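Working notes for the structure below.
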């Protein structure tokens, strides 16, 4: 087992880790001082050099996204996505609750780089402690002069405010999040225009996941080259992997991208409970396709997981042992997406209803072969044809479940 | 301009055209639910999936979301795309109830069509359908949410297109519901369009509910005559009654939509009270006898007292045929030319407005939507021409600046700049804005100083500083505009305003190369009345005087009810009582019909089909939708089958008014040109040079404009000051105005319209209300010259101080005012306990 | 320029101020505090404060699961039914346990108005599953003993 010195999670286990004094004691806000002495373009260039990709699930290169922000627009915004809701994922909650200043520092640097003077934190409504931690962190940062007018004498102004979501998974989608920030129903917008062209209140807006932003101070302090030296060819830097399910020590582990799945499960998470075999692994949150134990050597990177037939997603690994009822797992995941569909486009809204109906019959032992056929037909119909990526995320577990565990589904229909 | 190939057919379309639109231009209608030309694309239904074979996009994509681009090769019939569309249809039928046999949408239902077209017939889904509770949305619209497929057309129209916010999506996931916060009447006066827009039967026409199916109806193109815009409609009749009215697309007038007054205002043609039988001195008679009797009496009066003892009152809601025949009859008989206006001032304004229009400046309602600057003077669009408000909103949504100079609390469903000045200051305000906007940059400050020094017309307006600021800002925007449109009302404006606006439009046209001019006229055929009305200033007001003096002894009122608009009811009653003959031709049970010595029933637009000229000068034709007669539901106690044994059409006596006028001429031993009987328009065509084109009636269905190339415009009167100036310090000007429901003549006969018209309000500026010790909701007794009326007080900050506004509601008896415009002193307003 | 006008006329649309509208969710949280759910009056109040229609407010509020339109108990117990809680013997098992203990089914409120029992989607406590929330407090690594403890403490608070 390689023991990596944690970067993002360096602070979280310290006493009073959420306090600004703790953060400052361990070198906090040094990156900000450095960044403010650079030009905004230099900051963006450093982020581009780091090749960091967004940690919210889609994996879009952050530096490129920053580069999309128009230079001449007088009003620009930064929106911070803390709407962590993908089942299996619990990394953002950890950083927000234990080390909010690391994100905030990234927020200030990113705002400086893109020329935004207002930033909005959008946090999941259920994260009550997180809301409190954000508010406290922001107010302390104001007090110390890291926020407000003329930050650290640089002439750069920034105001940050916290906005609490209210229990809608879809608001994690960036345009839905902007709608929600505007006080509307969280229904995704048509793209184009992308948020970088027309975002919050119609102004260019950079939307970034909070784990991504927490990386920024380190990239600035140690340089983009350092960052890009970690990881695989197309997956750079450190990543927080959330591991849960049938493992002995579930939790968050910060490791370089490209760490093999096997190492994470068996070395960091203490292996499978009761020494059982693995039946299935979800490698990147519940919307990514299942992997079987055969793929256990896959490195956890964007391109490597894709080659293995799944995706990195949020880096949330859910391990299921040999006793797991996969039909029930698929039903449960589908129920989540049906429950959380925004109700906008037809295939997701009604297709989900239809899949769930079949899955409920199957899981309850009342299904038939027709239900399996239906399930496959509907999932294929939804796949890639919905208004936002959520529909595809809904179809993935069903399709991969059927692909890998079809006999289990068929077993359930044996009686009928 | 991108070139692309759709189903092997090449087409070139303007940049920014969506693929679904490009296909439509080729005659390929790609299936859709959420996409609508007027509402744009949102990509919700995924029904318009097509396959992109070559070009920048590949595979199955939504044709409503993708702009046509060079090199695209698109297949709408590709197997994969068709299979996906079938998939969507099957999903829609998961929850949709199988209530087509009792659904009013059946037969005109997009979902039904698509389900059949998609070949879906076997139900595979075994789960439960999701169901909803419906809401009561008021008198116009029935709600049946179980049928909803969630295309969001309703909320997009209601909120985005029309600007009202009491109906929209609620809930999430597959519980999404379209409705209101609470049950209740929809606030939008355009709510009826939901019926046309909904691709299934969620919103259906409530008054027409269960009255018949699409294929049961006699359906033909018709026109709306509830204001001067001339929106195009389709009327549906069944069992001798008009059942419902729908919007008919016209790219130059109303687009896809109509207002609720136009949609639900038709029942005057069906009402049981409608007079269908000719009467002589209150006794029913045959139409022939009544015409003959009228002829004898008229001949007798003319013989005894000369042709000038006979006066005619035409109507602005009559068809062009009827107006033309009435004019022709008067000419033949050497009677005075007919009056179409009660008030000489209104006549002058309408004639002046019409004279300003020519084909260079006149713009259609749809062209208003393309303006980048709209200045509306003396017009309350929602009250006087509701669809104009929607057109202005579309311009404003594309970031046009909209400014309104009007003393009323003009309600518009979008943000605009309101210059709330009293009527006597409107011309001055307009002039200032004009001068400021036309002025070169370097002259501006000097002019502003002069303006400040002069004070002049602004002296009475406490908000003058604010208005001056508004004018300066607007002028700058005006100057920068490239496609301004000037809109001018004719109701409350001073005499000179239409000419001032017209002159300005022409000079802007010279300066900018583009400027639109748009008048709102009183009533559906005011344009015809203005063209055909006598060139002099004579109006019915003077006829009343002549009757009182005994000079006029017979009055022929053709489809005209002066009781609606004549401001002195008792005077009118007394005058009419002096007549030897009151001959009334009409199709509504107006007070005139009650008082008539001889009454001749006429047929309505729906029965006759007729020609109208809208306020733009567009001649349009309505077709006869049904043959008339008493509705079956009113015969034999509504029983079925109706057992009436008769040879003719029961209740079918009414004839077109122009036909009766020809008959009357016959009774007066005069021969009308024989061609007129077959084609009354041929007579009208020779009545005015602009109408010469009427001889060719084949092109009228789409509408043709009867405008000169260059207007022979009436000049701006030398004295621009209006007759009603500022009064003494304390006095308030009382304006009688139109309102969307309850003040328009024909629609008031509809039950549903009366139910939504609400309580009449007396609007006054908050300042004035404070001065009078009144607050919102107080009831007051307003003493007018001929009695007092009761109304509720509605204080408003967005109106001119010193002005009282009262809608001309029939139930208000505002005719106690005795004059067309009046001033009242505060002591005439008494607060009721 | 286009200054905003508010329409008092019975036939006018309201014009929304985006700055006020963006306060919607925050306002709804405050409005919900008093009764634990959004009363009709609360929705109207929010609409008035934000210069919008009650329909606008309801449209948004009903989209979000944390805003309630119906009365709930003093403590709302939300049991996570996410995949990781399920794999860790949580989800239904926790819900059933609480349900039995309180004598109410899912979606119901105890007669004394103390507890409402619901399930909720993933609470991002997968590493510390099973989890549940009581009002805004998160409880993790649940076991029957811990649940007993929590419920007893809450009952004792009255």
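Bear in mind these aren't lab numbers, they're just calculated from the coordinates by the rules spelled out. In this text, all values refer to a predicted model and were calculated from it rather than measured experimentally. Cβ coordinates were reconstructed from backbone atoms using ideal geometry, including for glycine residues, and neighbour counts include every protein chain displayed.
Counting pairwise Cα distances across region A:2-71, what percent come out greater than 21 angstrom? Please report the intermediate quantities before stating the final value.
Details: 1143 of 2415 pairs.
Of all Cα-Cα pairs in region A:2-71, 47 percent lie more than 21 Å apart.
Only counting other Cβ atoms within 10 Å, I'd like A:221, B:664 sorted with the fewest neighbours first.
A:221, B:664
Give the distance, in whole Å, between the Cα centre of region B:277-299 and the Cα centre of region A:107-160.
88 Å
Convex hull over the alpha-carbon atoms of region A:284-394: what's its volume per residue in Å³?
109 Å³
Ranking B:12, A:211, B:436 by Cβ neighbours within 10 Å, fewest first, what do you get?
B:12, B:436, A:211
Once you average over the residues of B:408-419, how many Cβ atoms of partner chains fall within 10 Å of each Cβ?
So the per-residue partner count for this stretch is 5.
Of A:112, A:26, A:266, which is the most mobile in a GNM of chain A whose springs link Cα atoms less than 10 angstrom apart?
Looking only at A:112, A:26, A:266, the biggest GNM fluctuation is shown by A:26.
Extending each Cα 7 Å along its Cβ direction at residue B:283 and residue B:83, get the distance between those two points in nm, one decimal.
Label-label distance for residue B:283 and residue B:83, simple model: 8.3 nm.
For residue B:785 and residue B:303, compute 0.36 nm times the residue count separating them, minus their Cα-Cα distance, and round to one decimal in nm.
Using 0.36 nm per residue and subtracting the Cα-Cα distance, I get 169.6 nm.
Semi-axes of region B:732-832's equivalent ellipsoid from the Cα gyration tensor, sqrt of 5 times each eigenvalue, largest first, rounded to whole Å?
After scaling each eigenvalue by five and taking roots: 22, 15, 12 Å.
Find the centroid of the Cα atoms in region C:94-158 and in region B:24-56, then give the distance between the two in whole Å.
Spelled out, the Cα-based centre of one part sits 49 Å from the other.
Using the Kirkwood formula on the Cα atoms of region C:2-158, what hydrodynamic radius do you get, in angstrom to one decimal?
Here the Kirkwood hydrodynamic radius works out to 17.5 Å.
Restricting to chain B, compute how many DSSP beta bridges are antiparallel as a %, nearest 5.
55 percent
Please give the residues of region B:38-57, grouped as numeric ranges, whose backbone N is less than 19 Å from a label point set 7 Å along the Cα-to-Cβ vector of residue B:73.
In region B:38-57, the label zone of residue B:73 (backbone N under 19 Å from the point 7 Å along Cα→Cβ) covers B:50-57.
Other chains' Cβ within 10 Å of A:325-336 residues: what's the mean?
2
In nm, to one decimal, how far is the residue B:54 label point from the residue A:41 one, both placed 7 Å along Cα→Cβ?
4.2 nm
Over what distance in Å are the Cα centres of region A:21-100 and region A:306-374 separated?
Region A:21-100 and region A:306-374 have Cα centres spaced 33 Å from each other.
Would you mind giving the three semi-axes, in whole Å and largest first, of the ellipsoid equivalent to chain A according to its Cα gyration tensor?
Semi-axes, largest first: 38, 24, 18 Å.
Give the peptides B:498-504, B:590-596 in descending order of average Cβ contacts within 10 Å, highest first.
The peptides rank, most packed first, as B:498-504, B:590-596.
What distance in nm separates the simple spin-label points at residue C:146 and residue B:9, each placed 7 Å from Cα in the Cβ direction?
6.7 nm
Which number comes out as Rg/Rh for region B:72-133 once both Rg and the Kirkwood Rh are worked out on C-alpha atoms?
On the way: Rg = 13.9 Å, Rh = 13.3 Å.
Rg/Rh for region B:72-133 comes to 1.04.
Take the Cα atoms of the protein assembly as shown, find their three principal axes, and give me the spread along each one in whole Å, biggest first.
Principal-axis extents of the Cα atoms in the protein assembly as shown, largest first: 124, 80, 71 Å.
From zero outward in steps of 5 Å, how is the percent of C-alpha pairs of region A:238-321 spread across the bins?
3, 18, 32, 29, 15, 3, 0
How large is log10 of I(q)/I(0) for region C:75-156 at q = 0.11, 0.20, 0.24 Å⁻¹ when the intensity is taken from the Debye formula with one equal scatterer per alpha-carbon?
-0.23, -0.79, -1.15
Could you sort B:653-663, A:70-80 so that the peptide with the highest average Cβ count within 10 Å comes first and the rest follow in order?
Put in order of decreasing packing, that is B:653-663, A:70-80.
Build a GNM of chain A with springs between Cα atoms under 10 Å: which of A:314, A:323, A:298 gets the top mean-square fluctuation?
Highest fluctuation of the listed residues: A:323.
Please identify, among A:224, A:401, A:309, the residue showing maximal mean-square fluctuation in a Gaussian network model of chain A using a 10 angstrom Cα cutoff.
In the Gaussian network model the winner is A:309.
How would you order C:127-135, B:396-404, B:314-322 from highest to lowest mean count of nearby Cβ atoms within 10 Å?
Packing order, densest peptide first, comes out as B:314-322, C:127-135, B:396-404.
Rounded to the nearest 500 deg cm²/dmol, what is the calculated helix-only ellipticity per residue at 222 nm for chain A, with -39500 (n - 2.57) per DSSP H run of length n ≥ 4? All intermediate terms of the calculation are to be shown ahead of the outcome.
Working: 15 runs with 173 residues, N = 416.
Only helices count here, giving -13000 deg cm²/dmol.
Taking 0.36 nm per intervening residue step and subtracting the Cα-Cα distance, what contour gain separates residue B:719 from residue B:133 on full extension? Present the calculation step by step, with values, prior to reporting the outcome.
Values: separation 586, 0.36 × 586 = 210.96 nm, distance 6.33 nm.
That works out to 204.6 nm of additional length.
Residue B:813 to residue B:122: extension gain in nm, 0.36 nm per residue of separation minus the Cα-Cα distance?
Here the answer is 242.5 nm.
Of all the Cα-Cα pairs you can form in chain B, what percent are over 39 Å apart?
Here the tail beyond 39 Å accounts for 44 percent of pairs.
Where in region A:310-336 does the label zone of residue A:234 land, with the point 7 angstrom along Cα→C-beta and an amide N cut-off under 20 Å?
A:310-316
Angle check, please: helix A:128-143 long axis (alpha carbons) against the longest principal axis of chain A (alpha carbons), in degrees 0 to 90, nearest 10.
Orientation of helix A:128-143: about 10 degrees from the principal axis.
Please average, across the residues of B:176-188, the number of beta carbons from any other chain that are within 10 Å of each residue's own beta carbon, and give a whole number.
Numbers: counts 9, 3, 1, 3, 5, 12, 6, 0, 0, 1, 0, 8, 3.
Partner Cβ neighbours, averaged per residue: 4.
For residue A:136, put the label point 7 Å out on the Cα→Cβ axis and report which residues of region A:8-26 keep their amide N under 11 Å from it.
Inside the label zone: A:16-21.
Grab the beta carbon distance between residue A:25 and residue A:226, set R0 = 35 Å, and tell me the FRET efficiency rounded to 0.05. Could you put the intermediate results ahead of the total?
On the way: r = 23 Å, r/R0 = 0.65.
That pair, residue A:25 with residue A:226, gives E of 0.95.
Any idea what log10 I(q)/I(0) is at q = 0.11, 0.14, 0.18 Å⁻¹ for region B:355-521, Debye with uniform C-alpha scatterers and no solvent?
Debye curve over Cα of region B:355-521, log10 I(q)/I(0) at q = 0.11, 0.14, 0.18 Å⁻¹: -0.40, -0.66, -1.14.
Take the Cα gyration tensor of region B:25-139, multiply each eigenvalue by 5, square-root it, and list the three semi-axes largest first, rounded to whole angstrom. List each step's numbers first, then the result.
Numbers: eigenvalues 179, 62, 33 Å².
Ellipsoid half-lengths, sorted descending, are 30, 18, 13 Å.
Please report, for the Cα atoms of region B:357-420, the Rg to one decimal and the Dmax as a whole number; what are they, in angstrom?
11.2, 33
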